[in-house]
Structures are given as structure tokens and as C-alpha cells.
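The structure is given below, and queries will be raised subsequently.
The values are calculated or read from the model by the stated rules, or taken from the named source; none is laboratory data. Just so it is clear, the model here is predicted, and its values are computed rather than measured. Cβ sites come from the backbone with ideal geometry, for glycine too, and all protein chains shown count toward neighbours.
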Amino acid sequence: MENEHIFYPEFDYPASHLSAFTLCIDVFIVSLKNGEIVRFKPHEIAHFKEWLNHFKVRDITVNNGLPHVDRTSDLSKSKYGFFNFIKRRKWVKKK
């Protein structure tokens with residue numbers, strides 16, 4: 001594999017072992033292909049992100065791996081109406 005032994009400075013895993021990542025403030029949360037989750041705080045955030053993008057590591061803040069679905073609820077168009085929706089939810093919880 002082309003990127004089998006390509007490491008980022010001070011990061012213990014090669015690019016070929018990385019599955020996905022996200023950035024939380026200044027810490028990267030990286031998912032490895034073996035299921036392990038690791039945290040990494042690079043000196044240069046933009047440079048590390050460019051490195052991840054170069055090796056096509058999935059950024060979950062951009063692509064969560066799921067097909068795009070509009071999840072916005074428009075309760076004004078609910079077939080039962082907004083208030084019936086609330087009543088139905090309460091009824092379901094009581095069961």
C-alpha cells in the first residue's frame with residue numbers, strides 16, 4: 001500500500017490505519033480502522049488536517065457516511081397537526 005508507512009510527526013499511527021476524524025476545539029479525535037479511538041493535539045492544526053485530507057481520511061463533520069436526508073421537521077405540515085403530534089407522543093410514552 002502506498003501510504004502504509006507514512007506517519008505524521010509525533011502521531012503514532014500511519015495514514016493507512018486511519019478511518020475517520022473530527023476536530024474538537026484543538027484536539028483531533030481519530031478513529032482507527034481497528035475500531036480504536038485516539039486523541040491527538042498537533043502543534044499546527046491546519047497542517048495536520050491537510051495531511052489527513054491528503055490521505056483521504058474521512059472528516060465526519062463533513063460526511064458522516066450516511067446518505068443525505070433532510071431531517072428538519074416541518075410540524076406545520078404534519079398529517080396529524082402539531083398538537084396532535086404532541087398528544088400522540090404523550091400517549092406513546094404512557095403505554
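With the structure loaded, tell me whether Gly65 is small (Gly, Ala, Ser), at positive phi, under 13 Å from the mean Cα position of the chain (by Cα) and modelled with pLDDT under 85 or whether it fails that test.
Spelling it out, Gly65 is indeed small (Gly, Ala, Ser), at positive phi, under 13 Å from the mean Cα position of the chain (by Cα) and modelled with pLDDT under 85.
Pairs please, first residue from the stretch 35-61 and surrounded by fewer than 15 Cβ atoms within 10 Å (Cβ to Cβ), second anywhere and among the acidic types (Asp, Glu), Cβ atoms under 7 Å, 6+ apart in sequence or on different chains.
Lys41/Asp26; Ile45/Asp26
Let me ask something additional. Step by step: first the residues of the stretch 26-47, then only those that are in a loop (DSSP other than H, G, I, E, B) and not small (Gly, Ala, Ser), then the one that is nearest to Glu10 (Cα to Cα). Which residue is that?
Restricting to residues being in a loop (DSSP other than H, G, I, E, B) and not small (Gly, Ala, Ser), the top hit is Pro42.
Pull out all pairs, ordered by first then second residue, where Cβ-Cβ is under 7 Å, the residues are six or more apart or on different chains, the first lies in the stretch 8-23 and is within 18 Å of His43 (Cα to Cα), and the second is crowded, with 17+ Cβ neighbours inside 10 Å and charged (D, E, K, R).
Final answer for the pair search is none.
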